[in-house]
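Below: one structure, written as structure tokens.
The values are calculated or read from the model by the stated rules, or taken from the named source; none is laboratory data. Since this is a predicted model, take the numbers as computed values, not measurements. Note that we place each Cβ from the backbone using ideal geometry, even for glycine, and neighbour counts take in every protein chain shown.
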Amino acid sequence: MKTGLKKIVFGLVVVLVLPFAAQGQTQDSHAGHSSSSQADTTRDPATEMTPMDHGDMKMQGGSPPADARDPNAYSGGFKRNEGQYALDPRYRLKMSDEHLFASLWMDNLEYVRARGQEWGAYEGQAWIGSTFNRLVLKGEGEFKDGKIQESRTEVLWGHAISTFWDTQMGGRFDYGRGEPSRQWLALGVQGLAPYWFELDATAYLGSEGRTALRFSAEYNLLLTQKLYLQPAMEVNFYGKDDPERDIGRGFSDGTVGLRLKYEITRQFVPYIGVEWSSKFGKTADIAEEAGGAKQETRFVAGVGFWF
Amino acid sequence: MRRSLSTISPRMPRRRFVQGLAAGGVMLGLSPFAHAAGAISERTRTGAAPVLTGTEFNLEVGQSPVNFTGNPRMAVTINGSIPAPTLRWREGDTVTIRVKNTLKEDTSIHWHGIILPYQMDGVPGISFPGIAPGETFIYQFKLEQSGTYWYHSHSGMQEAQGMYGAIIVEPRDTDPIRVDRDYIIQLSDWTDESPMRVLSKLKAQGDYYNYNKPTVVDFFRDVSEMGMSAALDKRQMWNEMRMNPTDLADLSADVLTYLMNGTTPAGNWTGLFRPGERVRLRFVNGAANTFYDVRIPGLKMTVVQADGQNVEPVTVDEFRFGPGQTYDVVVQPKDDAYTVFAQSMDRTGYARGTLAVREGLQAPIPALDPAQWLTMTDMMGDMGGMDHGAMDHGAMDHGSMGQVPMGHGEMNHASSSSKPSGMDHGAMGHGSSSAGPSKTVRHARTEYGASIDMRVDTPRMNLDDPGIGLRNNGRKVLTLADLHTVGGPMDPRGAEREIELHLTGNMERYSWSFDGLEFGQSTPVHFRYGERVRVILHNDTMMTHPMHLHGVWSELETPDGNFQARLHTIPVQPAQRISFLVTADALGRWAWHCHLMFHMDMGMFREVVIA
């Protein structure tokens, strides 16, 4: 295995194993419970009760049984703001579930240093909308001397599909100084997986038959109420060569980062960290031929904030 | 969305909560009595709500400055005081209350627990359009009850900004509760931040105010105390489900200052007594978001009234109550001074005052109890220790618990608007409505989507659990099972019909609802005028919700269907299933909601139509 890829795989393993080591694992969420309730269940031969099969009881997820209760069954045909004793519809009661909320998160705004070079980088997300439907703006990029060198920006429509997951669809815009920009259609999911992994996986379709995939994962390990360690990784894949942007077909690059963050307030979080970035396969070859490096280790220091 | 994770410890949080300024709202140390009545635009009077009596009242809603924490802020107040003036009414009188709005936004006043015509109930959008800026609304109704109640705004977040006060309705006949002295103790919570901003933060990060999350340090301590395997086991379920075991309250002392009669802990509200006197303390929970656990170290409390209705006296050391609830207790203090201690359920802070023989005395303040993790009982209900003898086995299908064996899909309950179906569940062979509430769990079809983060299939139904943080603490703690309303139920009829609603939510998205449907997505709940209907509330969340149905009394019953107590605000614990009977004798449209203000606002709200 090439060294760069080894590092990424190592990083992936660290990111995935660490929380298990710290927190525990078991595939079956009920495995810890069924034994205790079996022990307590008294068998009454008169009623011939079968022991409870906890595998059937899902506390999260799942789909409704065919005869699930109708939540509108008790309305008696009445509607809000209409009919007997109702007020004029212009006085309709609108609680906050019908209001718009918005938030801007700058997860990382940092100073980066690698191989004697320095630059700035940012990564953030903003949204506006209701609880289940939002307009989402995601962006990541690098800048130097006050000018953006490289960036990936996505504008998406986020829709909640389950307790912890949203689908996102929209467009992505890649910009690179001195390179042609690329536009893509984007379709993906973002959410919170068991054991608190924040995952983000998106597929892209560009012009001229270009395709791409992006996957990222992040985890927060609380050392104290305010100090936490944040391992994170991201990997990109392209379906076609894109020589104008120095991209080769296949897995193109990956990053594994480890940031130590301290919440001065919930909304102001300075940090330091280190990031390993690597190019793979054909992309790595292209970089080598151009006299560049296939991988680098970066020192980062910055601040996260949101409002 | 940010997510933080954990391993937890029952250690007290290091953040020191805000003790507050001693002077509270009254700056410059002016005695509250020096204020001329009606001096509304000056600093807010706190700690000594004026008492208004008679049958004609003028209340003016406006803004006035307060300073509870060292940061001056504007509060929304009635007649310039926090709490608002205490209204002393008499059973049988007709009262007229003129409410003038000097704010730049709409306001309203809801008379919590008072039975009155729906147009006087004060809920904008349901009872009336609200009171516009500059307008005066005249409330008028006849008191057909006696006891301790309270009133507060039902507009925006004004209730959290200072708009709350107490009501005492003196009984027509002699009060069976004989005391020498009488105090209102109204507990509330204050935040220097705008409540709307607080809500926006919760929408962005549901656990924003939780500074008691499990950490790696806690994990290693657990490993050394109980071994690796037990420590892993302890966290496994929470990690799988992506839920937080310390999710006891949405707001903590990080952002709240806890007040007793509008006074901070440092301000030390004091009620005087003479040794040997019997003193009645009318406790009102007027907080927007806080459950309080109240006790007076060294002094037992005899609970004589709950939600304004007299109960058989029961003596306890401690009680818990949530926003909306009231408890009247009688105490007989003998020492010089006692601390009235009200710690918040998440153990991040407390409100306190003193009962003393003279001003300036203080008694020791107990330490906050350690915060506890929610337990299996709180998450899953009644998994292990099921009392099989009490269960109606005929109705339960153990092989597929949580699935309804009956074809309710075929019954179109919403088919007719004039004559609702009024199902008689007893006739359908549930085998339970004559004996008590149905124990078959029926989740709504809308409880399987993005608005829900858990469902409970084996709820607990006992009423004798004091709740998380109060179990086995060495003190006698009041439970719902200890309350027996004097005189029994107001209506001898049993339930003619039974309905079931689930309390639901998604903490990660900060969404709250009934049956997975937020208010904006919901249809009303219809009660036929005059019927006696059973309502089952099944809590599919990890938080305790104080459920308040306007307009009618909720007659709580035991799991066997026996009358327990008449209440207006019922706290439903995590994974608990309770039921109550309602005599639908009040025509109109009424609000029904969780009284935790942010839960209500985010959608745990329904409109009830009685027609």
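Figures for the structure shown
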quantity	calculated
Lone qualifier among A:219, A:195, A:228 - being under 22 Å from residue A:139 (Cα atoms) and not aliphatic (A, V, I, L, M)	A:219
Listing of strands (runs of 3 or more DSSP E) fully contained in the range A:216-307 that carry 3 or more residues being closer than 25 Å to residue B:214 by Cβ and at pLDDT below 95	none
Condition check for residue A:235: under 21 Å from the mean Cα position of the chain (by Cα) and more than 30 Å from residue B:255 (Cα to Cα)	yes
Of all residues in the range A:131-161 being modelled with pLDDT of 95 or more and small (Gly, Ala, Ser), the one that is surrounded by the fewest Cβ atoms within 10 Å (Cβ to Cβ)	A:139
Extreme residue, surrounded by the fewest Cβ atoms within 10 Å (Cβ to Cβ), among residues of the range B:367-398 that are modelled with pLDDT of 80 or more, part of a loop (DSSP other than H, G, I, E, B) and not acidic (Asp, Glu)	B:367
Scan of the range A:173-198 for residues that are outside any loop (DSSP other than H, G, I, E, B) and either more than 14 Å from every other protein chain (Cβ to nearest Cβ) or β-branched (Val, Ile, Thr) (or both), ordered by number	A:173, A:174, A:175, A:176, A:182, A:183, A:184, A:185, A:186, A:187, A:188, A:189
From B:314, B:279, residue being closer than 16 Å to residue B:482 by Cα, among the hydrophobic types (A, V, I, L, M, F, W, C) and at pLDDT 95 or above	B:314
Count of the range B:330-344 residues which are in contact with a Phe, Trp or Tyr (Cβ under 7 Å, 6 or more places away or on another chain) and surrounded by fewer than 23 Cβ atoms within 10 Å (Cβ to Cβ)	1
Within the range B:280-305, tally of residues that are in contact with a Gly (Cβ under 7 Å, 6 or more places away or on another chain), part of a loop (DSSP other than H, G, I, E, B) and farther than 22 Å from residue B:257 by Cα	0
Enumeration of residues in the range B:256-269 that are at negative phi and buried (at least 21 other Cβ atoms within 10 Å of the Cβ)	B:256, B:257, B:258, B:259, B:260, B:263, B:264, B:265, B:267, B:269
Residue within the range B:129-149 that is among the hydroxyl-bearing types (Ser, Thr, Tyr), closer than 24 Å to residue B:585 by Cα and without any contact (Cβ under 8 Å) to a residue 60 or more places away in the chain present	yes
Any pair with Cβ under 7 angstrom, 6 or more apart, that starts in the range A:88-99 at a residue that is within 8 Å of chain B (Cβ to nearest Cβ) and over 19 Å from residue B:127 (Cβ atoms) and ends at one that is at pLDDT 95 or above and part of a loop (DSSP other than H, G, I, E, B)	A:97/B:518; A:97/B:603
First in the range B:47-65 and without any contact (Cβ under 8 Å) to a residue 24 or more places away in the chain, second anywhere and part of a loop (DSSP other than H, G, I, E, B), Cβ under 9 Å, 6 or more apart	B:54/B:93
Extreme residue, nearest to residue B:469 (Cα to Cα), among residues of the range B:306-326 that are in a strand (DSSP E or B) and within 16 Å of the chain's Cα centre (by Cα)	B:320
In the range B:106-134, the residues that are more than 14 Å from chain A (Cβ to nearest Cβ) and either of a type in the set (A, V, I, L, M) or assigned to a loop (DSSP other than H, G, I, E, B) (or both)	B:109, B:113, B:114, B:115, B:116, B:133, B:134
Test: residue in the range B:466-484 that is surrounded by 22 or more Cβ atoms within 10 Å (Cβ to Cβ) and either of a type in the set (S, T, N, Q) or farther than 30 Å from residue B:329 by Cβ (or both)	no
Among (1) under 24 Å from residue A:227 (Cβ atoms); (2) within 14 Å of chain A (Cβ to nearest Cβ) - the single one residue B:203 does not satisfy	(1)
Options B:149, B:183, B:164: the member that is in contact with a Leu (Cβ under 7 Å, 6 or more places away or on another chain), buried (at least 17 other Cβ atoms within 10 Å of the Cβ) and at pLDDT 95 or above	B:183
Any chance residue B:502 is buried (at least 22 other Cβ atoms within 10 Å of the Cβ), under 21 Å from the mean Cα position of the chain (by Cα) and modelled with pLDDT of 95 or more	yes
Matching residues in the range B:282-311 - criterion: being within 20 Å of residue B:113 (Cβ to Cβ) and charged (D, E, K, R)	B:282, B:307
The range B:524-535, subset in contact with a Ser or Thr (Cβ under 8 Å, 6 or more places away or on another chain) and surrounded by 21 or more Cβ atoms within 10 Å (Cβ to Cβ), residue farthest from residue B:199 (Cα to Cα)	B:534
Pairs where the first residue, in the range A:101-125, is away from chain B (no Cβ under 14 Å) and the second is part of a strand (DSSP E or B) and among the basic types (Lys, Arg), C-beta under 7 Å, 6+ apart	A:112/A:298; A:113/A:298; A:114/A:298; A:119/A:144; A:120/A:144
Residue that is nearest to the other protein chains (Cβ to nearest Cβ), among those in the range B:229-241 that are more than 14 Å from residue B:374 (Cα to Cα) and in contact with a helix residue (DSSP H, G or I) (Cβ under 9 Å, 6 or more places away or on another chain)	B:232
